[in-house]
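Remarks on the structure that follows.
The values are calculated or read from the model by the stated rules, or taken from the named source; none is laboratory data. Computed from a predicted model, the values in this text were never measured in an experiment. Glycine gets a Cβ as well: all are built from the backbone with ideal geometry, and neighbour counts include every protein chain shown. Ligands, DNA and RNA are excluded from the accessible area calculation, which covers all protein heavy atoms including side chains. Shrake-Rupley method; radii C 1.70, N 1.55, O 1.52, S 1.80 Å.
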Amino acid sequence: METAQQVFKKFGAIVLTGGSSGIGYALLTTLVSIEHNGPIFNLSRKKPDIKCEENRFFHYTCDLEVPLELDQALETLIPRLQASSGPVLLVNNSGFGAYGPYPEPDLETHLRMVDLNIRASLNLAGRLLPLFQNRGGAIVNIASTAAFQPTPQLSTYGASKAFLLHWSLSVAEDLKPYGVHVMAVCPGPTRTAFFKRAGFASPPTPPFLSQEPAAVIYAMAQGLKKKKTLVVCGFKNRCIVGLTSLLPKSLAARMAGYVLKKVREP
Ligand SMILES: NC(=O)c1ccc[n+]([C@@H]2O[C@H](COP(=O)([O-])OP(=O)(O)OC[C@H]3O[C@@H](n4cnc5c(N)ncnc54)[C@H](OP(=O)(O)O)[C@@H]3O)[C@@H](O)[C@H]2O)c1
């Protein structure tokens, strides 16, 4: 049985977004624990609090909601990436949600969410594509179990993750001839700072339905090893997703709206 470290070790270079917190931080912790491996590039607004071998970890302070900031970061990131060799792994992990009826808290937040959750992921994958086509590798997009049904009170968030899920599955087919593996990873509720930023007073799901970021990283590694295009993290999440996917979309929306609205009530 291969460990997550053994799976990630096969990549000559790794580009990650959102390594400063939660799922991204758990991934970064795993990556830096692999000794004498290729460079790791992180893009996020805050610098991750992490120790790594010298000249191996490169952080770019970058607000991915602003395309120009990504352009600026790529000016130095791409030449450094080109100096490495072997397959490349890109993990589009940065993302956020906003809880409340549309357009709460304000329209600008929803537009920025689309810019981060969707546009930045497509932009990064597109800009690095020549490297993937030359060297092979994998593009992992962190979607969510929220991608499988409409999510009133989290409308733009759920729809952005549904976009990412469908886009990943389509691009997985498009890039297969180049030997590039594309995979959507769908965590369920995970113990991170996500809910606080989204505006929840407390996580909306009971503790027994929540998972640790490390479980997401393990599922991601297993998916990479098995060349899966879709990974739903954890047995309970696979059951929930399986059941909600069977429902007519309008009924699923009403049910999700009922549950998510309840969380708002004191
Ligand atoms: N937690 C869950 O229950 C859950 C479930 C399913 C899917 N997900 C998805 O998992 C991914 C990671 O979220 P998480 O749970 O680990 O939440 P988190 O702890 O809040 O981490 C979010 C990460 O995204 C980065 N980020 C946010 N805005 C950014 C921006 N404008 N530019 C660049 N980076 C930005 C943050 O870095 P900076 O703040 O330093 O910029 C942070 O590292 C997200 O895509 C989320 O939608 C989470």
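Listed values, structure above:
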{"item": "In the range 26-36, residue nearest to the ligand (Cβ to nearest atom) [restricted to those that are part of a loop (DSSP other than H, G, I, E, B) and at negative phi]", "result": "Ser33"}
{"item": "Residue in the range 4-22 that is modelled with pLDDT under 95, assigned to a loop (DSSP other than H, G, I, E, B) and in contact with a strand residue (DSSP E or B) (Cβ under 9 Å, 6 or more places away or on another chain) present", "result": "no"}
{"item": "Flag if Leu124 is under 20 Å from Leu70 (Cα atoms), in a helix (DSSP H, G or I), open to solvent by less than 30 Å² (accessible area, probe 1.4 Å) and hydrophobic (A, V, I, L, M, F, W, C)", "result": "yes"}
{"item": "Elements of type strands (runs of 3 or more DSSP E) in the range 135-252, at least 1 residues being surrounded by fewer than 19 Cβ atoms within 10 Å (Cβ to Cβ) and among the hydrophobic types (A, V, I, L, M, F, W, C)", "result": "230-232"}
{"item": "The range 103-127 - residue that is of a type outside the set (D, E, K, R) and more than 16 Å from the ligand (Cβ to nearest atom) and, of those, farthest from Phe235 (Cα to Cα)", "result": "Leu107"}
{"item": "Residue that is farthest from the ligand (Cβ to nearest atom) [pool: residues in the range 171-208 that are β-branched (Val, Ile, Thr) and within 30 Å of Gly86 (Cα to Cα)]", "result": "Val180"}
{"item": "Failed item in (1) modelled with pLDDT under 95; (2) surrounded by 12 or more Cβ atoms within 10 Å (Cβ to Cβ), with Gly95 passing the rest", "result": "(1)"}
{"item": "Unique residue being crowded, with 20+ Cβ neighbours inside 10 Å and modelled with pLDDT under 95 when the list is Asn55, Asn37, Asn42", "result": "Asn37"}
{"item": "Residue satisfying all of: in the range 58-69; within 9 Å of the ligand (Cβ to nearest atom) and open to solvent by less than 40 Å² (accessible area, probe 1.4 Å); farthest from Phe8 (Cα to Cα) among these", "result": "Glu65"}
{"item": "Residue list for the range 5-25, filter: out of contact with any Cys (no Cβ under 9 Å at 6 or more places or on another chain) and near the ligand (Cβ under 8 Å from one of its atoms)", "result": "Gly18, Gly19, Ser20, Ser21, Gly22, Ile23, Gly24, Tyr25"}
{"item": "Single residue of Gly100, Gly95, Gly86 found to be under 19 Å from Lys196 (Cα atoms), touching a strand residue (DSSP E or B) at 6+ places or on another chain (Cβ under 9 Å) and part of a loop (DSSP other than H, G, I, E, B)", "result": "Gly95"}
{"item": "Of the criteria (1) within 14 Å of the ligand (Cβ to nearest atom); (2) over 30 Å from Ser210 (Cα atoms); (3) in contact (Cβ under 8 Å) with a residue 40 or more places away in the chain, which one Pro39 fails", "result": "(1)"}
